[in-house]
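Okay, structure first, notes after.
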Amino acid sequence: MRWFDPLLYPFSLLYDTATRLRNRMFDVGMKKGVEFSIPTIVVGNLSMGGTGKTPFVELLIRLFSEKHQICTLSRGYGRKTKGFILANENASAAEIGDEPYQIYSKFGHKINVAVGEERILAIPEIIIQKPETEAIFLDDAFQHRYVKGDLNILLTTFQKPFFKDKIVPLGTLREAKEGAGRADIIVVTKCPTGLEDDVKAKFSIEIRKFNSEAKIIFAGIKYGKPVAAGTASNGDSKNVVLVSGIADDSLFKAEAKKNYTVIKDFAFSDHHHYKVSDIKKIVESVKENPDSLILTTEKDAVKLKAPIFRDYLEEIATFALPIEISLSEEDLLWLEKRVSVAIKDKGYIREI
């Protein structure tokens, strides 16, 4: 227990009461969610972030973009715009948000990417503007109960599972642990390699206290080879300046230290809006160590590509460390089948 926790308790209690009341109103029908004719797959969490939602959505995209016309929808957290926006070739992280821009940069040629604070209003816009859409993946929408998802997927990390967490500001939960009961699938992410069955069993017992029916899946993460994120592509150096602005950068740092010598570590807050002053400090560290490069996350790499930083980073070798969700073949096949059933059972007919 931290010394200041007693000071935070009243605020946590108030937040807990408010969110419980809101959920209760939905449960008894005082507030109503809308079920759309188009299949909607919800991916979210109970905590404030860092559970691997974006890599999981990317996994779903890889599984289904060749089979169905997909559109992802999120509120575009951290963007400088408002309202509904359908991403196009002129999109930027500032316009649609970090994660949507990352997804659009990687899959924009295969899928559509949309943002909108009010998903209940954004979904009809998607249907109107992209009538060929066959399914919508809602990123970070577990608490957005005005939309009734056809399949609700809840993510929680191995390092900080929801059943050990507390309501903000005492912890990182956005609602009570009982909210897990709404999930159809619960994925424990960021699991260490070779997780033993008895550990999985203990986790499952704790999860079952809040959801007795959901399928429980244990997922790891895997890093790919660094990908050039700038015009300078010399990536032979083993000396790196780390740059990250994500909710939990511990695994990113650990992976970097396995293969590189970290000269300097610039760790910013989640969804950090980079300034020229930040970039100048980063570049200065690289120039002080000529045989070094910038290594960053995929999420941060898209922001470092902003035109305002081009002159500073043009001659600096910058690489992003790609990350993917890792599932056993059995769980991957089960997940693919379950999501396919959710899409096909809807019987959605495109009006085109």
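In this structure, does I216 turn out to be surrounded by 14 or more Cβ atoms within 10 Å (Cβ to Cβ), in a strand (DSSP E or B) and within 18 Å of the chain's Cα centre (by Cα)?
no
Somewhere in segment 291-303, is a residue basic (K, R), at pLDDT below 95 and part of a helix (DSSP H, G or I)? The answer is yes; a qualifying residue exists. Filtered by the rule that a residue be under 16 Å from E298 (Cβ atoms) and either surrounded by fewer than 17 Cβ atoms within 10 Å (Cβ to Cβ) or of a type in the set (G, A, S) (or both), segment 249-266 gives K253, E255, A256. Among the residues of segment 311-332, are any exposed (fewer than 14 other Cβ atoms within 10 Å of the Cβ), free of Cβ contacts under 8 Å to residues at least 24 places away in the same chain and either closer than 27 Å to G76 by Cα or more than 25 Å from the chain's Cα centre (by Cα) (or both)? Yes, the conditions are met somewhere in segment 311-332. Out of the residues in segment 78-135 that are over 26 Å from A228 (Cβ atoms) and hydroxyl-bearing (S, T, Y), which is surrounded by the most Cβ atoms within 10 Å (Cβ to Cβ)? Per the criteria, the residue is T133. Filtering segment 136-174 to residues that are open to solvent by less than 40 Å² (accessible area, probe 1.4 Å), part of a loop (DSSP other than H, G, I, E, B), out of contact with any Lys or Arg (no Cβ under 7 Å at 6 or more places or on another chain) and closer than 23 Å to I111 by Cα leaves F142, G149. From the list D311, D270, the lone residue that is closer than 30 Å to N152 by Cβ and not aromatic (F, W, Y) is D270. Which condition number in (1) free of Cβ contacts under 8 Å to residues at least 12 places away in the same chain; (2) loosely packed, with under 13 Cβ neighbours inside 10 Å; (3) part of a helix (DSSP H, G or I) is the one that K280 fails? Only one criterion in (1) free of Cβ contacts under 8 Å to residues at least 12 places away in the same chain; (2) loosely packed, with under 13 Cβ neighbours inside 10 Å; (3) part of a helix (DSSP H, G or I) is unmet by K280, namely (1).
Please indicate, with yes or no, whether at least one residue in segment 120-129 is among the acidic types (D, E) and over 14 Å from the mean Cα position of the chain (by Cα).
The answer is yes; a qualifying residue exists.
If I ask for residues that are part of a helix (DSSP H, G or I) and farther than 19 Å from K281 by Cβ, which ones from segment 253-269 would you list? Result: A254, E255, K257, K258, N259. Across segment 20-58, the qualifying residues are those that are farther than 24 Å from F163 by Cβ and part of a helix (DSSP H, G or I), and the one among them that is most open to solvent (accessible area, probe 1.4 Å) is V28.
Yes or no, residue by residue, for (1) among the hydrophobic types (A, V, I, L, M, F, W, C); (2) touching an Asp or Glu at 6+ places or on another chain (Cβ under 6 Å); (3) closer than 27 Å to L295 by Cβ:
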position	(1), (2), (3)
F158	yes, no, yes
A180	yes, no, no
I185	yes, no, no
I205	yes, no, no
I216	yes, no, no
Y223	no, yes, yes
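Screening K275 on (1) open to solvent by 60 Å² or more (accessible area, probe 1.4 Å); (2) in contact (Cβ under 8 Å) with a residue 24 or more places away in the chain shows it passes everything except condition (2).
Counting only residues that are aromatic (F, W, Y) and assigned to a loop (DSSP other than H, G, I, E, B), which one in segment 59-88 is nearest to P124 (Cα to Cα)?
F84
Which pairs have Cβ atoms under 8 Å, sit 6 or more apart or on different chains, and link a residue in segment 1-29 that is closer than 13 Å to V168 by Cβ to one that is of a type in the set (K, R) and at pLDDT 95 or above? From residues that are closer than 13 Å to V168 by Cβ, the pairs are S12/K166; T19/R174. If I filter segment 222-242 for residues that are out of contact with any Lys or Arg (no Cβ under 7 Å at 6 or more places or on another chain), crowded, with 18+ Cβ neighbours inside 10 Å and modelled with pLDDT of 95 or more, do I get at least one hit? No; the residues of segment 222-242 include none that is out of contact with any Lys or Arg (no Cβ under 7 Å at 6 or more places or on another chain), crowded, with 18+ Cβ neighbours inside 10 Å and modelled with pLDDT of 95 or more.
The values are calculated or read from the model by the stated rules, or taken from the named source; none is laboratory data. As the structure is a prediction and not an experimental result, all values here were calculated from the model. Reconstructed Cβ throughout: ideal geometry from the backbone, glycine too, with neighbour counts over all protein chains shown. Remember, those area values only see protein heavy atoms, side chains included, never the ligands or the DNA or RNA. Shrake-Rupley method; radii C 1.70, N 1.55, O 1.52, S 1.80 Å.
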